[in-house]
Amino acid sequence: MKLYRTVITLPFLVLLGCSGLQPESGSFLAPVSVAGGADYWLGQVNDTHGLPPSELQDVRLSWERDFRIKPDTGNRIKLALLLAFGDEPVRNTTKAGQILEGMDTTMLSPGDQELVSILEQYLEADLIIDKLSTRANRKNNRIKELEQQLRDLTSIEQTIQQRDKGVGE
């Protein structure tokens, strides 16, 4: 009988102990993206990876049309991400930088602002790398030209020395 009373009273005691707890005011649910935000934009660009070039071009044209019709921050960032990080047929970092120029990020969430900042830093670094690569290619071409001139001069000098030997004998 004692066991029976314990089994019945234990749940009541537990409930009485829990009555002092207050419900949490914050939500524990994961944020859901509604066609905006860093997770949505990155997900959209990620979904384009591996598409055939013709489909990829169609996506680019569609996103450019969306941006022309409604040049809001979301369409701007999504298109810039595609042009910066999309597969080779649509990659155009110069155009991505132009799309981000003058964009007001004050109304974005801190995470979205950070994404834009990282994107801008990436595009600046890419521009610097392109300039340095172009300069290095020019220098390599100049080195090849000078090496060819050196070979030509060496050949001319050897020809002159052989002629001088033939005349001196």
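The values are calculated or read from the model by the stated rules, or taken from the named source; none is laboratory data. What you are looking at is a predicted structure, and each value in this text was computed from that prediction instead of being measured. When we count neighbours, we look across all protein chains shown, and the Cβ atoms used for this are built from the backbone with ideal geometry, even at glycine. Note: areas computed on protein heavy atoms with side chains; ligands, DNA, RNA excluded. Shrake-Rupley method; radii C 1.70, N 1.55, O 1.52, S 1.80 Å.
Can you tell me which of 47-58, 142-153 comes out highest on packing, and rank the rest after it, using the mean Cβ neighbours within 10 Å? Could you put the intermediate results ahead of the total?
Details: 47-58: 12.4, 142-153: 10.0.
So the peptides 47-58, 142-153, ranked by packing, come out 47-58, 142-153.
Report the gain in length on full extension from Thr134 to Asp47: 0.36 nm times residue separation, minus Cα-Cα distance, nm rounded to one decimal. Could you put the intermediate results ahead of the total?
Working: separation 87, 0.36 × 87 = 31.32 nm, distance 3.21 nm.
Full-extension gain reported as 28.1 nm.
Any idea what the relative contact order of the range 54-169 is, in percent, if you count C-alpha pairs under 8 Å spaced at least 6 apart? Please list the in-between numbers first.
Numbers: 56 pairs, mean separation 19.6, N = 116.
Here the relative contact order equals 17 percent.
Leaving out same-chain residues fewer than 8 places away, which lysines sit with a Cα under 29 Å from that of Lys95?
In chain and number order, the partners are Lys70, Lys78, Lys131, Lys139.
Along the positive direction of the dipole of the range 103-169 (beta-carbon charges: Lys, Arg +1; Asp, Glu -1; about the Cα centre), which of Leu123, Thr105, Thr134 reaches farthest?
Going by the charge dipole, the pick is Thr134.
Please list Ile128, Ile99 from largest to smallest accessible area, probe radius 1.4 Å, with all protein chains kept in place. Before the final figure, lay out each step's value.
Working: Ile128 100, Ile99 15 Å².
Ranked list, largest accessible area first: Ile128, Ile99.
With every protein chain kept in place and ligands, DNA and RNA left out, what is the accessible area per residue of the range 37-169? Probe 1.4 Å, answer in Å². Can you show the working numbers first?
Working: 9100 Å² over 133 residues.
For the range 37-169, the per-residue accessible area is 68 Å².
Order 110-116, 135-141 from most to least packed using the mean count of other Cβ atoms within 10 Å. Don't skip to the end; give the middle numbers.
Numbers: 110-116: 15.3, 135-141: 10.0.
Peptide ranking by packing, descending: 110-116, 135-141.
So how do Ile160, Ile77 rank on accessible area, 1.4 Å probe, biggest first, that is with the largest at the start?
Values: Ile160 75, Ile77 0 Å².
Output order, biggest surface exposure first: Ile160, Ile77.
Using alpha-carbon positions, what is the distance between the centroids of the range 73-94 and the range 39-63, in Å?
Centre-to-centre distance over Cα atoms comes out at 9 Å.
At a 1.4 Å probe, what is the % contribution of carbon and sulfur to the accessible area of the range 57-169?
Details: 4170 of 8010 Å².
Carbon with sulfur: 52 percent of the solvent-accessible area.
Return, ordered by residue number, the residues of the range 121-159 whose backbone nitrogen is under 15 Å from a label point located 7 Å along Cα→Cβ of Thr94.
Once the point is set 7 Å along Cα→Cβ of Thr94, 124, 126-135 turn out to lie under 15 Å by backbone N, inside the range 121-159.
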